[in-house]
């Protein structure tokens with residue numbers, strides 16, 4: 001089964017690159033850290049000297065949440081703005097990170113230091129991956145049209161709002177279908193980036209079309225590999241949630257332990273990102 | 001259909017004195033006949049109304065509510081105010097609703113139809129036809145009655161505000177010409193506004209409802225007869241005394257459940273009728289339990305439920321706009337398919353709407369002019385019932401670790417709002433629908449909860465019982481409620497009610513500052529002589545114990561306009577606790593303690609009696625910032641954002 005070979009290759013490659021996992025985690029933390037300080041300032045300013053926060057370390061008190069939401073209006077607006085701006089910047093950053101990951105994966109000389117290869121790759125492919133992101137509109141627009149057709153089809157089948165169960169099922173179906181389309185396009189873009197980096201190609205649009213052809217030519221297998229890796233992500237999430245629930249975060253020590261656990265989980269997301277690129281890179285040759 | 005009218009009138013004439021010995025002063029007697037024409041979404045109706053002039057003056061005209069005309073076009077007062085949207089539900093312009101009065105005549109007498117006029121007592125909007133008046137050839141003398149017969153057609157709108165249809169589901173409320181209330185020498189008959197509900201006189205209703213056989217029908221009151229007709233329809237006769245309105249519902253997809261409910265103390269026996277749409281049938285037990293809870297709580301808290309039936313109507317899917325509405329002995333609940341148990345929407349709506357049977361159904365509050373007397377008192381009752389049966393911190397929501405209690409839910413509505421309106425005001429004169437809702441529901445409910453915690457649960461319980469007992473089947477005003485509260489508590493409560501009922505301001509007390517300043521040894525000139533701090537003891541000398549002294553300051557401030565006496569709890573480092581009281585009148589006050597220990601924290605209203613307080617956070621203050629809590633919250637937010645970033649990039 002070539003899919004499992006690709007899966008094994010991908011996970012092995014990711015496991016062999018702890019520095020890259022560390023880099024991906026570090027960028028994530030650096031971006032998110034700003035929100036820590038903003039939130040702490042807002043929360044501390046609104047409630048920090050109030051005794052109402054005393055119990056918050058033990059349990060969530062809705063009154064405290066309400067007071068914070070209602071008394072910190074302006075600050076919360078600033079926080080929301082920061083979250084949006086940081087998210088947009090991170091999307092640009094992730095284009096750079098893809099370049100770094102793929103450049104490192106395709107680099108043959110193991111003797112060179114990791115960081116220069118990673119950053120060189122990020123810079124080298126940034127323009128091409130950025131163009132790829134823009135060109136991907138040719139996929140997003142048809143996907144949107146397909147979704148609208150699907151939506152209207154469901155509405156045509158189910159016009160009577162009195163069949164409430166069907167409404168709920170159809171709504172869940174629509175969400176799942178939308179997610180399927182989103183992941184399909186992300187997968188196609190993965191393959192396009194892998195082709196560009198693997199062949200050091202500047203023909204970005206051709207790479208995108210080639211990936212579309214490749215994915216639709218082997219749709220079952222490419223999807224199977226994609227979702228197999230996705231399952232690993234879900235498993236990591238469940239393990240994190242279970243471990244997190246085993247202790248109460250009521251002292252500074254346990255709070256920091258909970259934070260550490262979350263960082264391990266975030267690092268696992270970085271590991272998964274590398275595994276995706278490595279496994280799909282292998283898939284181009286094997287499936 | 002018509003045969004029963006003379007029989008019924010005969011009953012009224014011969015048994016009149018007995019009828020008037022009922023629970024209420026029966027001002028109206030309605031004999032209604034309704035035929036549902038489902039294909040045309042309309043009801044053909046006939047009404048025989050006997051009205052008693054219970055005033056001391058002759059009355060030369062009658063005024064009627066024609067509520068359905070609110071949905072007649074886009075220029076009615078309701079539509080202008082609401083913009084065709086009510087509580088998030090939108091009007092369907094393909095399906096307007098209206099009521100057409102074909103004719104009105106005095107029983108066996110003059111035709112009043114030519115004198116029919118639409119009037120607009122509230123806003124003068126000539127496009128509004130929700131109030132009709134007819135002139136009488138001769139005035140109705142004091143203590144005399146008049147009987148009029150009216151033929152009408154009610155076209156139901158697609159439901160977006162309480163009444164109407166969706167598919168084959170019909171919620172037929174405010175569907176017949178309903179006479180206004182003649183009060184203080186004038187008709188109290190307001191137009192239908194987007195924020196107003198209803199007001200009417202008590203009396204007797206006998207209604208024949210004819211609908212195709214496939215429909216399951218439910219209605220106000222007790223079913224006294226049921227017969228099949230040759231044309232494939234069935235006629236259901238319902239009868240109820242001591243109510244001021246009549247509503248009914250019909251839907252082929254209802255599944256009817258009946259259950260006898262009994263209680264020993266107070267003694268009551270009633271029949272619970274649940275009309276649950278088949279799409280929601282799995283939630284029948286949630287409805288039934290909530291209704292049992294409601295019956296028990298209200299009966300024990302205020303007085304035994306007096307009617308023989310209580311009907312819960314579960315609106316069809318797509319008809320949520322009909323849900324959450326009260327009518328005498330019948331109410332509409334609300335749910336959706338597969339609603340998780342921790343989302344207590346069906347329970348909350350069931351208890352709330354059942355509760356209206358007390359504060360609107362029996363205590364005939366005027367919802368046009370003083371809606372809080374119903375909605376506010378009922379919100380207070382609902383908070384208490386939900387807290388009792390579902391838990392203080394989770395009575396509204398208990399899902400995925402997120403818990404919200406009724407008090408927190410209502411506080412959220414009040415403290416996050418603008419302050420433009422008081423609690424007592426004509427319902428249509430609030431700055432917005434939101435202001436109306438938060439004032440007459442949440443703020444009024446929390447106001448009564450604040451009063452309860454101020455006076456004590458026992459005193460408040462006696463007040464509510466006395467108010468219900470005194471004013472059931474009558475029309476009280478705010479003044480009457482205040483009077484009962486003062487009589488029962490034996491306290492002048494004008495300082496409380498004058499502020500919270502008529503002023504839009506807020507209640508907000510805070511610990512504005514907390515300080516512990518060490519008082520050093522004497523240093524400087526004292527009585528003409530220079531004192532200096534003692535030098536440090538040399539090594540080997542016996543150390544002299546010199547306990548540090550602190551000047552501890554606790555500053556309490558009033559940020560709101562409402563003045564309430566306050567308790568303050570001050571805690572010192574050595575565990576000592578000091579309680580202070582303050583009349584709360586000045587803008588601030590300061591308590592100073594010189595002690596050999598530092599103040600650790602201070603809290604105004606430590607028992608949280610003032611649930612109306614606009615900001616609980618500033619009620620307390622600690623000398624040192626609670627770092628772990630802030631760190632935990634901020635790290636929690638950061639972790640969430642990290643997860644988001646990893647998702648958008650993967």
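The values are calculated or read from the model by the stated rules, or taken from the named source; none is laboratory data. Computed from a predicted model, the values in this text were never measured in an experiment. Note: ideal-geometry Cβ built from the backbone for every residue, glycine included; neighbour counts use all protein chains shown.
Per-structure values
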read-out	value
Helices (runs of 4 or more DSSP H) (entirely within the range A:144-261) containing at least 2 residues that are within 12 Å of chain B (Cβ to nearest Cβ) and under 30 Å from residue A:275 (Cα atoms)	A:164-199, A:219-244
Residues that are farther than 18 Å from residue B:611 by Cβ, more than 10 Å from chain A (Cβ to nearest Cβ) and modelled with pLDDT under 90, drawn from the range B:394-432	B:400, B:418, B:420
Top-ranked residue of the range B:617-631 - restricted to ones that are at the interface with chain A (Cβ under 7 Å from one of its Cβ atoms) and part of a helix (DSSP H, G or I), ranked as farthest from residue B:605 (Cα to Cα)	B:631
Check on residue B:308, more than 20 Å from the chain's Cα centre (by Cα) and more than 23 Å from residue B:169 (Cα to Cα)	yes
Qualifying residue in the range B:511-519 (condition: assigned to a strand (DSSP E or B), surrounded by 19 or more Cβ atoms within 10 Å (Cβ to Cβ) and in the same structural domain as residue B:611 (by TED's automatic domain parsing))	yes
Residues within the range B:355-374 that are farther than 15 Å from residue B:481 by Cβ, touching a residue at least 40 places away in the same chain (Cβ under 8 Å) and surrounded by 24 or more Cβ atoms within 10 Å (Cβ to Cβ), tallied	3
Per-region count, the range A:234-256, residues modelled with pLDDT of 95 or more and surrounded by 17 or more Cβ atoms within 10 Å (Cβ to Cβ)	2
Candidates B:310, B:336, B:351, filtered to the one that is part of a strand (DSSP E or B) and not assigned by TED's automatic domain parsing to the domain that holds residue B:243	B:310
Pick from the range B:570-610, criterion assigned to a loop (DSSP other than H, G, I, E, B) and at the interface with chain A (Cβ under 10 Å from one of its Cβ atoms), ranking: nearest to the chain's Cα centre (by Cα)	B:608
Only one of B:262, B:235, B:210 that is over 27 Å from residue B:94 (Cα atoms), assigned by TED's automatic domain parsing to the domain that holds residue B:88, in a strand (DSSP E or B) and modelled with pLDDT of 95 or more	B:235
Residue, surrounded by the fewest Cβ atoms within 10 Å (Cβ to Cβ), within the range B:300-318, restricted to residues that are out of contact with any helix residue (DSSP H, G or I) (no Cβ under 6 Å at 6 or more places or on another chain) and within 14 Å of another protein chain (Cβ to nearest Cβ)	B:318
Residue check for residue B:278: surrounded by fewer than 19 Cβ atoms within 10 Å (Cβ to Cβ) and on the phi < 0 side of the Ramachandran plot	yes
Some residue of the range B:370-393 being in contact with a strand residue (DSSP E or B) (Cβ under 6 Å, 6 or more places away or on another chain), at pLDDT below 95, assigned to a loop (DSSP other than H, G, I, E, B) and under 29 Å from residue B:316 (Cα atoms)	no
Sole residue being at negative phi, in contact (Cβ under 8 Å) with a residue 60 or more places away in the chain and facing another protein chain (nearest Cβ under 9 Å), chosen from A:93, A:20	A:93
Of residues in the range B:319-340 being within 27 Å of residue B:400 (Cα to Cα) and touching a strand residue (DSSP E or B) at 6+ places or on another chain (Cβ under 8 Å), the one surrounded by the fewest Cβ atoms within 10 Å (Cβ to Cβ)	B:340
Candidate set: the range B:147-181, residues that are part of a loop (DSSP other than H, G, I, E, B) and within 14 Å of chain A (Cβ to nearest Cβ); chosen: the one surrounded by the fewest Cβ atoms within 10 Å (Cβ to Cβ)	B:168
Members of the range A:61-78 that are at pLDDT 70 or above and either within 31 Å of the chain's Cα centre (by Cα) or farther than 13 Å from residue B:618 by Cα (or both)	A:61, A:62, A:65, A:66, A:68, A:69, A:75, A:76, A:77, A:78
Selection count, the range A:34-87, where residues are at the interface with chain B (Cβ under 7 Å from one of its Cβ atoms) and assigned to a loop (DSSP other than H, G, I, E, B)	3
Positions within the range B:632-643 being surrounded by fewer than 22 Cβ atoms within 10 Å (Cβ to Cβ) and within 7 Å of chain A (Cβ to nearest Cβ), in sequence order	B:634, B:635, B:637, B:639
